Amino acid sequence: MDRIDADHEKVPLLNPVGFTPDQGRKPPSRISIEPMVFLHSLGWSLSEVRLTDQIVYQTCVFKLGSAEEVCSQLHSGDNATASMVLEQVVQPYAASVSMAIVLLTSVVPAVAALFFGPWSERFGRKPVIAIASIVGGMVEFAIAGRVLFFLYTRRQFGWDVEMYSLWLSSELAIIMFGNFFGIFLMRKLFKMSDLGLLTLSTINHLGDYLIKGSARQGWQLFLTTFMSPFKGIDGAASRSILSTILPDDEVGKTYSLDLSIKAVTPLVSVFLFTYVYNSTIESAPYAYLFLTSGVFAVNLVIITIIRFLLKTPQEEDVDSK
């Protein structure tokens, strides 16, 4: 591969569709990456749910010996009380097993991210961002609790794999819609800056987890999904900000550090979320969701501070109009 053109790398990641540095040339046709990311994320997430469901069942069989007929009552619908008792017994152990899986799957991205910086300096940072989004080197601190959320919906709402998969498909579809259309519409119609997009996404995350933690009926989870379609634009917005404020020779190294941190954080946060969930499973299993919302509240405070400390040329142009 040839070394990339430095001018090409200066194009902001969130430019409106069709904008190129050379307005005299027609932009080359290209295939959008969003459908591919959606299908990959959907397949990965659904297989993860199935695996977690199997872990719960096998944990029940392991803890109760060979009592498979007892474990078959897990969300069988015949005895809700017995199912609830079984969930309370097996979920702490199942959560620990899932934690171990998250740890194992986070090590390789964390190590590989260290080599992305030098590679991106030679061949470009945009392929690195696309590769990282597809292979799951980011699918961050709060995201480590996604497996626990399936366990939570089993216990709190009695959801089975089919119901959870339906909700998850809706969640991913709405996020893809928000990524695909939200960025363009917010920038074109409301002239929103990258920092504004980052703020909007963080507020969506914060409200989403607050509603999830407060939900007492399953339909409320579908409600918060449709109320927070811009949860997925924070990654692109933050990297676009970095691309505009950093020197050209520092962008690749910073992206490498960014990917490494996002790959390493699950190694730490998964312990915290699993501990909180297992400790509160009998009294308040939703406590870890409020903890997650607290993480995004801290992010929002940091972003607010950044708004006062940093005025990008892009924001100054918008303010002057």
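At a glance:
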item	result
Estimated FRET transfer efficiency (Leu64, Ile101; beta-carbon r; R0 25 Å; 0.05)	0.65
Nitroxide proxy distance, nm - points 7 Å out along Cα→Cβ at Ile261 and Phe226	3.7 nm
For peptides 158-165, 226-233, 302-309, sequence by mean Cβ density within 10 Å, most packed first	226-233, 158-165, 302-309
Per-residue HN-Hα couplings for segment 240-250 [Karplus 6.51, -1.76, 1.60; θ = phi - 60°; Hz; x = Gly/Pro]	5, 4, 4, 5, 9, 10, 9, x, 4, 7, 9
Computed E for Leu300/Ser279 - FRET, C-beta separation, R0 22 angstrom, nearest 0.05	0.25
For segment 53-64, Karplus couplings with θ = phi - 60° (6.51, -1.76, 1.60), whole Hz, Gly/Pro x	4, 5, 4, 4, 5, 5, 5, 4, 5, 5, 6, 9
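Any read-out appearing in this document is the output of simple, stated calculations on the displayed coordinates, not a laboratory observation. Owing to the predicted nature of the structure, the values given are computational and were not obtained by experimental measurement. Cβ sites come from the backbone with ideal geometry, for glycine too, and all protein chains shown count toward neighbours.
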